[in-house]
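Here's the structure, in structure tokens; my notes come after.
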Amino acid sequence: MYSIFSAEIKQDGFQICREPLPQDTLAQFEAVIDSAREDSYRQRRSGTRYAIRNAHLVLPGLRSLLEEGVLKQLAGDVLQQPVSLVSATLFDKRPGANWFVPPHQDLQVPIQGRIEDEDWKNWSLKAEQQYVEPPLNVFQQMLAVRVHLDECPGENGALEVVPRSHRRRLTEDEVALIPEQEFQLCPVDAGEVLLMNPLLVHRSRSSRLPLRRRVLHVVYCAAVLSEGLAWT
């Protein structure tokens, strides 16, 4: 089954795994998320919490679930190589934290170390964590695994993607000029997983339903990093 996903992801940049994750795995994720301190979350100006950046570094117990469990196995099967954990972000959209995310590619990843290589660019520091934009060949060996802890129908801010937009790094102007009809809505049930390349252009609209939407967005990579660099 995952070999089919591998072919479709290589061609289109994404695929939805309609077989829900095991209930015990989902329960473990929920337990870790429920244990998060309030100050772990980023907040809107209203004070409503909405996301945890680098959740694999912030939430006790999450890293072991991501480095040893079913998600890493899934990513390795799809990429057909051993993988390493790159990052994890928890999105927690609620009625008080509900916004439109414009079309974009996920260009930066957290990293340890630094090298003088023009293919590794746009170095930055966010919340005391270093980020960088990897070269295309590294992006081609990445997979984002989006675990939906709540149902995410089209009316609840489901992800919209542009198939086959992952094959190169696009400029902001190129992303802005993508026609509306090229976006494909990806409604997902609770427990299901959406697999995508980070370069796939994607967006999400504000929810029209007063429902919570929690998504654990985990990135894995099969690339061997250059000496002097390490994933967080």
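The values are calculated or read from the model by the stated rules, or taken from the named source; none is laboratory data. As the structure is a computational prediction, the values presented were derived from the model and not from experiment. All Cβ positions, glycine included, derive from the backbone under ideal geometry; neighbour counts span all protein chains shown.
Yes or no, residue by residue, for (1) out of contact with any Cys (no Cβ under 8 Å at 6 or more places or on another chain); (2) within 16 Å of Val201 (Cα to Cα):
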{"residue": "Val86", "(1), (2)": "no, no"}
{"residue": "Pro102", "(1), (2)": "yes, yes"}
{"residue": "Asp119", "(1), (2)": "yes, no"}
{"residue": "Asn122", "(1), (2)": "yes, no"}
{"residue": "Glu182", "(1), (2)": "yes, yes"}
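Go through the range 159-180 residue by residue and tally those that are farther than 20 Å from Asn122 by Cα and out of contact with any strand residue (DSSP E or B) (no Cβ under 8 Å at 6 or more places or on another chain).
Step one: of the range 159-180, the residues farther than 20 Å from Asn122 by Cα are 159-165, 176-180.
Going one step further and asking which of them are out of contact with any strand residue (DSSP E or B) (no Cβ under 8 Å at 6 or more places or on another chain), we end up with 164-165, 177, 179-180.
Going through the range 159-180 one residue at a time, the tally reaches 5.
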Conditions (1) surrounded by 13 or more Cβ atoms within 10 Å (Cβ to Cβ); (2) in contact with a helix residue (DSSP H, G or I) (Cβ under 7 Å, 6 or more places away or on another chain); (3) under 23 Å from Leu85 (Cα atoms): number failed by Gln140: (2)
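I'd like to verify a number: residues in the range 36-79 that are at pLDDT below 90 and closer than 17 Å to Val109 by Cβ, how many? Working first, answer last.
Going residue by residue through the range 36-79, those that are at pLDDT below 90 are 36-51, 60.
Remaining after also requiring closer than 17 Å to Val109 by Cβ: 51.
Result for the range 36-79: 1.
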Inter-residue pairs, beta-carbon under 6 Å, first closer than 12 Å to Val147 by Cα and in the range 16-33, second of a type in the set (A, V, I, L, M, F, W, C) and assigned to a helix (DSSP H, G or I), 6+ apart: Thr25/Val70
